[in-house]
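Working notes for the structure below.
The values are calculated or read from the model by the stated rules, or taken from the named source; none is laboratory data. None of these values were measured; they are calculated from a predicted model. Backbone-built Cβ (ideal geometry, glycine too); neighbour counts: all protein chains shown.
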């Protein structure tokens, strides 16, 4: 399968000026990813591991204090590879919504509260589809909503008149309006009730199936990854620590951290105490030397404290761990 | 309509309550001082050297008591006052005896309302828009320079700022009349009149627009810097919505809403400012009337002005409250 | 002292502080005045500034400069009384309303709200008309205090409300601290910047109000204040007659005083803001 977007040793840090000097938050600390087309791709990890920042960088949305420190992001547009971060902003803007789009976290407040949804849709469309009449754009938007199973009458409403789940689905509609090849969805189901969650996930799957694009689904909820994604990556402290087919990762997780994540999922009939990894993730401003996970890893040894493990292939999976194949960490 | 019940009715009740409490306060607070305005007047007359025999003094006191509504028990006085408010009868003006206060008010009030409405709307719009744009582009040097200038203008009180403008533009560079307008009777409505009005109103209006505008500028600038960071604004920018549209439709339009509420809260102070500025420029409004009333000890007149001001401000607040749902769809559609 | 040095790095504080200090010095100079502040016809009238009289003389036969020193002093006295007394009321009302809540809160806030929509200025004028005879410095100050607490009480109350909901309140209550000591010890540090900035704002308002009262003839006009000296200058047509030194002095002094106070209040309240404080502590350690 051909990739739709690649990240090569990507580094992006927040540089903050505080009264005690400069503080550097290494949110994306050497990330390499190859995301294939026509996939639901998952990105998992605890909050604060850098997932949202990674999405921002993939979008090319770098605004101070976030700065690009190294690596590349390659878009595959019309068969060619484009270095996204080297493009002028104007060209990047053109690619947004037509090639790559974004569904932000907390879609509660993603729409202008004082404008009808119709106005917001038009605002987004107008900048990408020039020369078309308002009527055409409106029709296009209505058709799109219908295709997604949403009533076009929604456009006449104000954001506050819709429920949270509904708003989220409209946000998805907005993001897919121009049939982009890749959609970055940041925690689309957080703060929704179970029923709404299901509707949203269903919608995303439908879209993916119909339009045959790639959806990058970022969430800390491993259950969602198990249900919806086909391939996934695990992120920890600004780095990718494991990557592969979702099925493989769940049946045979290689990285100790992945094992903890999976062990924390409840299973029917299993009444044992859930164990999460001891300790908490490191501050991205003060990373420990060597492997970022080593302070919490029960299998850590000398090398872990000194060297940073690179992502290496083990069969069809990739893992960044010196043990290469960690046996089950958590004993019963 | 649900809207009427949920939104309109409570505000009407509030309006009535505020006017009621305000006028009651006008009644009670001066009485707290324990001073009797009638005795004041008698004292003033006697201080000016006139000697009156006791029966004449008593007669005078009775008449004055009636005129001031000070006859009878406290409760009776309270009721009298209300009766007068409803009939718009504040008694005769003392310094322009026997012209009834109500008549004077009728002549001077429209001028004040005109100045009040125009300068408030202008200062609010200008201050908010300039402040909003300055807040959006807060890094630019012009924004910072504007900040510094406003830091100097902001603390200056109305009277002083008015005097400064008066000295500069009516004396040093005599562009405008120093004594404002004089209203006579039977003025023909022609271009000359309109121009004269504009010339005479320009300086007071300028004073109010600048002093009012700087306050809105500062508040709006802060507001916009917060709204700028909201999710929907960032999303719009990522999504490629043109910057100009983002500034006006996404940022300013949202930041203006709390400013409408703020305006309603500030109207009392704004009105006081208008009166003060009128005094500086001898503008033919209630401020000038107030000045004349106070300096001549015309208590009836001052009371009339106060009651009328309370009504004016409360009405203006109510109008704004009614306007707000037109601007905020979240209130309009529940 | 450390604090002073840090504050002086903010140009607003530095300029405001220097100007204010100069004005206070001028106020104290009044004690050394060779002229009586109230008596008229002490010097030749209407002389422009010269070496004998650095700011000239006015139409009442007084030295403008020395009158000015008294006017600053008296205006400051009135404003200080007004500001301090209204602080006490505002703090009491704000704390009690914010902490106790319930009916007491609603009554107090209703009272404060009512006083906001009513043009306070006019009622102030009405009362002043009645008290015309006894408007000494102290009484003027107290009168202004009576009308100056409403807005700030509301602001203080809002802050108390938000503090009440925070973690440390619940912790403190659970650990058995008495209400009064809790309120005073825990909340005061947080409300100090607010109280301080409202104090300065109130002082500035009082100075402005005093001027308006003086123009309306409602204070003891023989006592020189910023307002009364301006009032006399206007009454004697100083502008028209070209005696610019007489009318400019109180105007310029007032502007300087109020701008200085404003810059001080803005810079100090930013400095005292607890969030900024924490950042600074981090810098030092």
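Is there a residue in segment C:196-213 that is out of contact with any strand residue (DSSP E or B) (no Cβ under 7 Å at 6 or more places or on another chain), within 15 Å of residue C:59 (Cβ to Cβ) and at the interface with chain B (Cβ under 9 Å from one of its Cβ atoms)? No - not one qualifying residue is present in segment C:196-213.
For (1) within 19 Å of residue B:236 (Cβ to Cβ); (2) exposed (fewer than 14 other Cβ atoms within 10 Å of the Cβ); (3) in the same structural domain as residue A:206 (by the TED database); (4) modelled with pLDDT of 85 or more, each residue gets a yes or a no:
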site: A:113; (1), (2), (3), (4): yes, no, no, yes
site: A:135; (1), (2), (3), (4): no, yes, no, no
site: A:143; (1), (2), (3), (4): no, yes, no, yes
site: A:146; (1), (2), (3), (4): no, yes, no, yes
site: A:152; (1), (2), (3), (4): no, no, no, yes
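Taking segment A:163-176 as the range and being surrounded by 16 or more Cβ atoms within 10 Å (Cβ to Cβ) and either in contact (Cβ under 8 Å) with a residue 40 or more places away in the chain or closer than 12 Å to residue A:122 by Cβ (or both) as the test, the residues that pass are A:167, A:168, A:170, A:171, A:172, A:174, A:175, A:176.
Of the strands (runs of 3 or more DSSP E) lying entirely inside segment A:204-320, those containing at least 3 residues that are crowded, with 16+ Cβ neighbours inside 10 Å are A:214-218, A:231-236, A:239-245, A:317-319.
When B:139, B:131, B:127 are checked against the criterion of being modelled with pLDDT under 90 and more than 14 Å from chain C (Cβ to nearest Cβ), B:139 stands alone in meeting it. You will find that of B:304, B:287, B:293, the residue that is more than 14 Å from the chain's Cα centre (by Cα), under 30 Å from residue B:64 (Cβ atoms) and more than 10 Å from chain C (Cβ to nearest Cβ) is B:304 and no other.
If you go through segment B:307-322 and keep only what is within 7 Å of another protein chain (Cβ to nearest Cβ) and closer than 11 Å to residue B:105 by Cβ, you end up with just B:309.
Kindly establish whether residue A:75 is within 23 Å of the chain's Cα centre (by Cα), away from chain B (no Cβ under 11 Å) and touching a residue at least 40 places away in the same chain (Cβ under 8 Å). So residue A:75 passes the test. Exactly one residue out of C:90, C:68, C:79, C:27 is closer than 24 Å to residue C:136 by Cα, within 14 Å of chain B (Cβ to nearest Cβ) and not in a loop (DSSP other than H, G, I, E, B), and it is C:79. Can residue C:113 be described as crowded, with 22+ Cβ neighbours inside 10 Å and either within 12 Å of chain B (Cβ to nearest Cβ) or modelled with pLDDT under 80 (or both)? No; evaluated as a whole, the condition is false for this residue. Taken over segment C:228-246, the residue count meeting the criterion of being within 9 Å of another protein chain (Cβ to nearest Cβ) and either touching a residue at least 40 places away in the same chain (Cβ under 8 Å) or closer than 18 Å to residue C:26 by Cβ (or both) is 1.
Residue-by-condition table, conditions (1) within 13 Å of another protein chain (Cβ to nearest Cβ); (2) loosely packed, with under 15 Cβ neighbours inside 10 Å; (3) over 24 Å from the mean Cα position of the chain (by Cα); (4) at pLDDT 80 or above:
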position: B:209; (1), (2), (3), (4): no, no, no, yes
position: B:212; (1), (2), (3), (4): no, no, no, yes
position: B:215; (1), (2), (3), (4): yes, no, no, yes
position: B:229; (1), (2), (3), (4): yes, yes, yes, yes
